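Student: Here you go, one structure.
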Amino acid sequence: MVAALVLLAAACSSSGFPVSYDDQIDPETGLSNVESNWMDGCQPSMTDELADEAALICECSYDRIKVEIPFEAFVEANDRLADNPEILRDLQADTNVTERAIVEIVRGCIAAA
């Protein structure tokens with residue numbers, strides 16, 4: 001599950017960094033750049049026992065993150081995770097409030113699946 005969160009580091013595209021969760025909408029999929037990258041990284045990183053529910057878990061967690069985490073805080077977490085994705089393995093050691101909140105959101109979505 002923690003591996004699913006490492007995907008935050010992939011939230012940048014070739015057309016520049018998004019300025020909001022809803023920036024850079026793909027006309028074919030209707031997804032923003034950030035949501036598309038979240039889904040692309042989240043689903044394959046789910047464990048085998050969560051594979052069937054992966055899309056629902058990833059959609060749930062993205063929807064909650066978008067509402068509960070300010071975009072600027074999400075970007076800061078993204079930057080920290082890009083430098084050191086291992087910080088999510090020990091939530092008490094070197095994570096900040098945003099990173100802990102993201103982990104708890106994903107855990108909540110897994111529990112609800």
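None of the figures in this text is laboratory data; all of them are computed from the coordinates on show. Bear in mind that the values here come from a model prediction, so they are computed numbers and not experimental data. Reconstructed Cβ throughout: ideal geometry from the backbone, glycine too, with neighbour counts over all protein chains shown.
Student: Can you list the residues of region 62-85 with backbone N under 12 Å from a point 7 Å past the Cα of THR29, pointing along Cα to Cβ?
Tutor: What the label zone holds, given the 12 Å backbone N cut-off, is no residue at all.
Student: Around ASP22, what is the net charge, scoring Lys/Arg as +1 and Asp/Glu as -1 over all other residues with Cβ under 10 Å from its Cβ?
Tutor: On the way: positive: LYS66; negative: ASP23, GLU35.
Once all neighbours under 10 Å are counted, the net charge is -1.
Student: Cα centroid distance between region 26-72 and region 96-113, in Å?
Tutor: Their Cα centres are 13 Å away from one another.
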